[in-house]
Structure formats: structure tokens, C-alpha cells
């Protein structure tokens with residue numbers, strides 16, 4: 001793939017990831033749509049759009065993916081929406097992607113990977129940033145919503161780990177999204193008493209599902225083979241920054257010193273971990 005196409009596709013995918021945070025926050029803040037309905041509309045529309053993409057490009061129905069990955073994907077999407085009822089877009093994106101990266105780093109440590117001194121410093125810095133962001137205070141985000149977004153990040157990290165090395169990322173992604181449909185329908189039934197539909201909110205959810213989730217993930221997976229693992233991880237660190245800037249410019253959210261300091265600590269810490277050469281696994 002030519003470098004120009006790689007750059008354009010990568011930029012579009014990162015904008016899509018940030019767009020998910022902006023669309024969800026705006027739908028739940030500015031319209032009457034509830035979190036469970038947003039989740040269901042997002043996942044179902046993404047599943048349909050990805051299935052159609054596979055059908056058109058492969059002339060076959062999606063048959064790949066698996067139920068554990070579908071469950072991790074659903075858990076991420078449900079916790080993501082519930083958290084954004086109270087979190088700002090920038091704070092939510094920072095917590096989400098911080099938790100994603102720390103989950104994947106933690107998995108590596110459990111598998112026997114060792115960290116050099118700078119990586120240990122980076123990991124400690126990132127953890128301190130997360131703790132500092134959610135510590136009680138006037139500008140602290142709601143603790144329950146923060147915990148929900150951290151759970152969403154863990155689920156997305158687990159989903160990403162399960163999807164590494166997939167022979168057909170697009171087909172597997174479509175299959176996994178299709179598997180979330182029965183789960184999210186049950187989820188909506190549980191919250192049926194509080195369900196509220198809103199035309200503008202539904203439009204935001206559809207945009208999140210079809211464009212920033214369905215097409216966004218398809219574009220990202222198309223460019224991943226052209227990126228090194230550390231490049232892909234580093235590029236994703238730009239998403240909270242893009243989301244925070246978009247929230248300030250488009251949603252009128254106010255920046256805070258707490259968010260700025262936590263962002264610097266978390267992003268710098270994770271960057272130190274993923275940029276340093278990964279050491280060999282410890283012998284059993």
C-alpha cells in the first residue's frame with residue numbers, strides 16, 4: 001500500500017475512534033436517548049454495515065469470530081455508553097485508552113515479559129496519572145463512571161489481545177459484531193423501563209455504529225499490516241488528545257489542569273513502555 005494511502009487511512013481511523021467518544025457523549029448529553037438504546041443501535045448498525053461490507057467484497061456471509069470475543073466487544077460497548085452518561089468526552093477517552101494499553105501491557109507481564117528501567121518508570125507514571133485523575137476533588141470525574149470506563153478499557157484490551165494475529169481481521173470483526181446483537185438486545189430489555197428514543201440521538205448512535213465503529217474499524221484493520229506494533233500502539237495514544245480537542249471545539253467542554261496533568265502522565269508513561277525495546281520473555 002502506498003505511503004500516502006497509509007497516512008490517510010490511519011488518520012481517518014484515529015478520527016473515527018475519537019469520534020465514537022464525541023458521538024456517544026453528545027447523544028447522552030444533548031438528547032433524550034438512553035445509554036442502553038445507544039449501545040444497541042450502535043452495535044446492531046455496526047454489525048449490519050460490516051456484514052454488508054463482507055458480503056459485497058467477499059460475496060460471502062461473515063463466518064469468523066467467536067463468542068468470547070463477541071462478549072468482550074459487547075462488554076466494552078455497554079460499559080462505554082454507561083460511563084459517558086456523566087463523563088466528559090476527553091476524560092472518558094483518556095481513561096479508556098489508558099486502560100486498554102495498561103491491560104495489554106499487564107498481559108505481557110503475566111506472560112513473562114520483563115521491563116527495562118525506563119519501561120518501569122513509564123508504567124508507574126501512567127498508573128499515577130490514572131489514579132490522580134480519579135482521586136476525589138472538585139474537578140474529579142464521577143468515580144462510578146470512571147470505574148465503568150476503566151472496565152470498558154479492560155474489555156477492549158481483552159478483545160484486542162484475542163484478535164491479534166487474526167487471519168481475516170475484517171471477517172472476524174464482522175462476525176464478532178454480529179455475535180453482540182443478541183447480547184445487546186437482552187441488555188436493552190433489562191433497561192427497557194428507562195428507554196427513551198430521540199431522533200437526533202438515534203442519528204448519533206447510527207453514525208457511531210455505521211461510520212466510526214463499522215467503517216472506522218474496517219479502515220484501521222486494513223492499515224494495520226503496514227504498521228509496526230509499536231507504531232500502532234503509539235498512534236492510538238493520539239486518540240484521547242483528538243477527543244479532548246474535539247470536545248472543547250465541538251461540544252463546548254471546559255479543559256482542566258487535572259485532565260491536562262493526567263493526560264501528560266498517562267500518555268508519556270505508556271509511550272515510554274511501548275517505545276523501548278521489548279525484552280525477551282523470562283524462561284520458565
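The values are calculated or read from the model by the stated rules, or taken from the named source; none is laboratory data. The shown structure was predicted, so the numbers you read here are calculated from the model rather than taken from an experiment. In this analysis, Cβ positions are derived from the backbone assuming ideal geometry, glycine residues included, and neighbour counts consider all displayed protein chains.
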Pair list, Cβ under 8 Å, 6 or more apart: the range 24-35 residue free of Cβ contacts under 8 Å to residues at least 40 places away in the same chain, other residue assigned to a helix (DSSP H, G or I)
none
So is residue 98 at negative phi and buried (at least 21 other Cβ atoms within 10 Å of the Cβ) or not?
yes
Please go through the range 6-35 and pick out each residue that is assigned to a helix (DSSP H, G or I) and farther than 26 Å from residue 171 by Cα.
22, 25, 26, 27, 28, 29, 30, 35
Within the range 141-167, can you find the residues that are surrounded by 14 or more Cβ atoms within 10 Å (Cβ to Cβ) and modelled with pLDDT under 70?
166
Odd one out for residue 196, checked against (1) surrounded by fewer than 17 Cβ atoms within 10 Å (Cβ to Cβ); (2) in a loop (DSSP other than H, G, I, E, B); (3) at pLDDT below 85
(3)
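Residues to consider are 209, 175; find the one that is in a helix (DSSP H, G or I), farther than 30 Å from residue 126 by Cβ, at pLDDT 90 or above and over 16 Å from the mean Cα position of the chain (by Cα).
Residue meeting the stated conditions: 175.
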Residue among 186, 202, 181 that is under 19 Å from the mean Cα position of the chain (by Cα) and at pLDDT 85 or above:
181
Quick one: which of 122, 153 is touching a residue at least 24 places away in the same chain (Cβ under 8 Å) and over 23 Å from residue 213 (Cβ atoms)?
122
When residues of the range 23-68 are filtered for being modelled with pLDDT under 90 and surrounded by 20 or more Cβ atoms within 10 Å (Cβ to Cβ), how many remain?
3
Can you tell me which residue within the range 212-248, out of those that are surrounded by fewer than 19 Cβ atoms within 10 Å (Cβ to Cβ), over 21 Å from residue 176 (Cβ atoms) and at pLDDT 85 or above, is nearest to the chain's Cα centre (by Cα)?
245
